[in-house]
1. Defining a contact as two alpha carbons under 8 Å apart and six or more residues distant in sequence, what relative contact order in percent does the stretch B:25-376 show?
2. Mind listing the label-point distances from B:Asp396 to the same position on all other copies, shortest first, one decimal in nm, points 7 Å along Cα→Cβ?
3. Would you tally the net charge around A:Gly168, using a Cβ to Cβ cut-off of less than 11 Å, leaving A:Gly168 out, and scoring K and R as +1, D and E as -1?
4. Along the charge dipole of the protein assembly as shown, which of A:Val441, B:Leu380, B:Met481 sits closest to the positive end, that is, farthest toward it, with unit charges on the beta carbon of Lys, Arg, Asp and Glu (+1, +1, -1, -1)?
5. Just checking the output field for B:38-46: average partner chain Cβ neighbours within 10 Å of each residue's Cβ?
6. Hey, fewest Cβ within 10 Å first, where do A:Met481, B:Met146 land in order?
7. What FRET efficiency, computed as 1/(1 + (r/R0)^6) with R0 = 35 Å and r the Cβ-Cβ distance, is obtained for A:Arg498 and A:Asp22, rounded to the nearest 0.05?
8. What's the local net charge at B:Val492, with K and R +1, D and E -1, over the other residues with C-beta under 14 Å away?
2 protein chains.
Amino acid sequence: MAKNKKNKVKRPRAAAPRGFRDYFGAEVLERNRMLGQITDIYQAYGFDPLETPAVETVEALGKFLPDVDRPNEGVFAWQDEDDAWMALRYDLTAPLARVYAQFRNDLPSPYRRYAVGPVWRNEKAGPGRFRQFYQCDADTVGTPTMAADAEICAMLSDTLEAVGIARGDYIVRVNNRKVLNGVMQVAGIFDPSEPSKFEAERGIVLRAIDKLDRLGPQGVRALLGEGRKDDSGDFTGGAGLADEQAEIVMGFMEAKRDSGAATCARLRELVRGSDIGLAGVQELETIAELTDAQGYGADRLVIDPSVVRGLGYYTGPVYEAELTFEILDKKGRKRQFGSVAGGGRYDDLVKRFTGQEVPATGISIGVDRLLAALREKGRLDNSSTGPVVVTVMDRDRMADYQTMVAELRNAGIRAEVYLGNPKNFGNQLKYADARNSPVAVIEGGNEKDAGVVQIKDLALGKVLAAGITSNEEWKSQPAQMEIKRSDLVAEVKKMINRAG
Amino acid sequence: MAKNKKNKVKRPRAAAPRGFRDYFGAEVLERNRMLGQITDIYQAYGFDPLETPAVETVEALGKFLPDVDRPNEGVFAWQDEDDAWMALRYDLTAPLARVYAQFRNDLPSPYRRYAVGPVWRNEKAGPGRFRQFYQCDADTVGTPTMAADAEICAMLSDTLEAVGIARGDYIVRVNNRKVLNGVMQVAGIFDPSEPSKFEAERGIVLRAIDKLDRLGPQGVRALLGEGRKDDSGDFTGGAGLADEQAEIVMGFMEAKRDSGAATCARLRELVRGSDIGLAGVQELETIAELTDAQGYGADRLVIDPSVVRGLGYYTGPVYEAELTFEILDKKGRKRQFGSVAGGGRYDDLVKRFTGQEVPATGISIGVDRLLAALREKGRLDNSSTGPVVVTVMDRDRMADYQTMVAELRNAGIRAEVYLGNPKNFGNQLKYADARNSPVAVIEGGNEKDAGVVQIKDLALGKVLAAGITSNEEWKSQPAQMEIKRSDLVAEVKKMINRAG
């Protein structure tokens, strides 16, 4: 009476792990095309490719992800057979630091390198938020000159235009961590001789500045002082700055002027008395001079003191590329698309390995976000890449059909034979539709005897073709032509060009 | 007296984990170029790209690696926050089976897909044996027709020629697992009604056939019988076949004839009385007919009963592409380069998920081995991709130098400014050398005033330039020219073309 348990096979679930996804057809081609456009620019600027493995030792990766205690928090990590921890890289910068430390005697100095590839984050997955995504980085290691930073900013601008973001639809914003420290010093919450003092207050100030877009100046001002109650009634504690301190910070945030020179002049006033602040302003001035001389004006590159995002391990200039056109968010409200790339100067990453300070600066482009932006703007090349489908009217003449696709391919036309069960011709047409095929080729016994074939413009006939199930109906469509077999390649080419 | 322990900072080791490596510059470009050539062919044949994540659930991956008991043997695996096991993919076929099971209602049927990317194996690393390597696969899922297998074999041949393996330097060999089972049946060690019987014997037979190249017919014959003592005195147990049984297997292994038709005729004799064997021969005949009709003759594609490698989960035809030219092994002996791609038909992989049999067939190209082969033959495009280096004679005129590189880049010439410390001019030249730069550009104050620049042919001057440390010596080199500043782009172009 008991059920036969042997029949109860436990089958694996056919799904990618949570937070991971598959990319099909056009999605892969679009991304590859964009990566090619980006790396062409990097390559032209003299950057060399580097491909590091997906796996690094946890000790080499370090703990640069926020607030992680265990090695397998934030990253995907496991122990190898010797109990050593290994992990999937969470960015492309940590592996670069490891490579530079390991091979510094063999690499050119300075070393310009680019890298493309997926990175992994063991974070909570959410809608549109994945645990594997692409980055496309360029860094210059081994030189402190601001010319390296200026070059990276100019290159970032060129790159965005190369992938199809029009001038005016993006802006590269530049700030400097040293200026920010200078302002903090003037405001009395940073002491270069005792950098750990007021760390909590500075954290609150940073996060407040970062929220300027969302909260407006008044909201930020509240957070600099006692704190702020939001619309839901929740209270966020403030930095507790006195009015005169808060005004200094507010003045910094609003220091942006019409030209880089004017902004720098204003910043110079604000950080008066702080050596580190003045050094930062000097760096910004040098970057502005170099990029100005190259013609990268305010329509492409601005000094903007409100950029604080990604200040993590940065030690000098920081950059951010933002798309400025508006899109509709999920609630139908207009908002700017926002940041698609960021970076800056980090002089301490290689030091972890070697003990010696090695200056470095670079950017990381969030390729998936940039693709989403171009898709949003309808600027991706959506031209059909479906193959010409040669249908099978007579299954014993497969070799004839294969000869046709070989001829088409040799002429540079993507083409394939239908390889499903040919009995139901309607399925062949449905298949061609699913393949987004521009042209179908038909050669039955009668056509073969007469030395002709039928070719069908599917782009034109797509709508009309719905519901067709027999060869006779198909032939009655206006987009279909009978041609000489010997003209196959030429006529298919014509038909595709007509559609394109 | 105790040493200050605070100064003893424990630094991370700058090294990739054991079995992993980095790829620099030309290595990355060469591989990308090859991957582009391969996927162009796949694309032309109507295959669509698919990119699955590096990470899959262990249950979805299944246990297709040999002899693994724990989930983290053979693969790199870890538990996520819900204690579920995840792992890095060990090939591109298992993820395809998962994707097809998951999305089968939305995918075209049949589904031709290609995939490119790294896979990971938690195996012992060794010289030239890495734990991360690239595969480049093409598979057709959802059709049992041998036309799909024939297409894959033809495409594999086209692909090898596209990447630069000349016809005659490779061969695609085809066998069929059913024929092998038929031979085993005739020899009395396979009973279709009781497939688990004689499994151990069949395993020994398979491994023996696989060693034909190395042991010769006599060595294989010994392993089919009582066993074999090798040169070191070690004894390997045999399958224990009687003479007449062993002769059947030997006859199979040596069944290859001058044409596919003749080989198939010979195989038909050998499997007489075995239904499964005859079905296998019929499949081989169909593949041979279809590929013959397409002009893929014995110089490209042969039926070869000695191919057994990779018979793992295969259920019908199996293919292998071998490079036939000779290379010298580590001991200086000539040997054939060997296999660079393999595949076959596997009808059970999707069934694991859905319970329904889904026929599928495909190949996997070992990209890194193929690259090694082309490097060995000197057939990789080694043309210099180093940038033109604009040297810095006057650090205050960085903007001038950047203008030069921008002009060069806009003309399609890879170019960069020297960004190291410009004080020592010799270092700039060493740098240009290290960068494999074709041309260096020099503009000092005098040149600037006179409206000229110096350009130096580094390809020509490379040998002579060794040891040069001052600008004056540099100028005396014959490969150097003074040109008008306004002619920079045109003259650099000329110099590069002269070098190429």
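No lab work stands behind these numbers, since they all come straight from the coordinates. Note that the structure is a prediction, hence the values are computed from the model and not measured. Please note: Cβ atoms are built from the backbone with ideal geometry, for glycine as well, and neighbour counts cover all protein chains shown.
1. Result for the stretch B:25-376 is 20 percent.
2. Its label point is 9.1 nm from the equivalent points in the other copies.
3. -1
4. B:Leu380
5. Shielding by partners across B:38-46 averages 5.
6. A:Met481, B:Met146
7. Computed FRET efficiency for A:Arg498 and A:Asp22 comes out at 0.55.
8. Taking every Cβ under 14 Å from that of B:Val492, the sum is +1.
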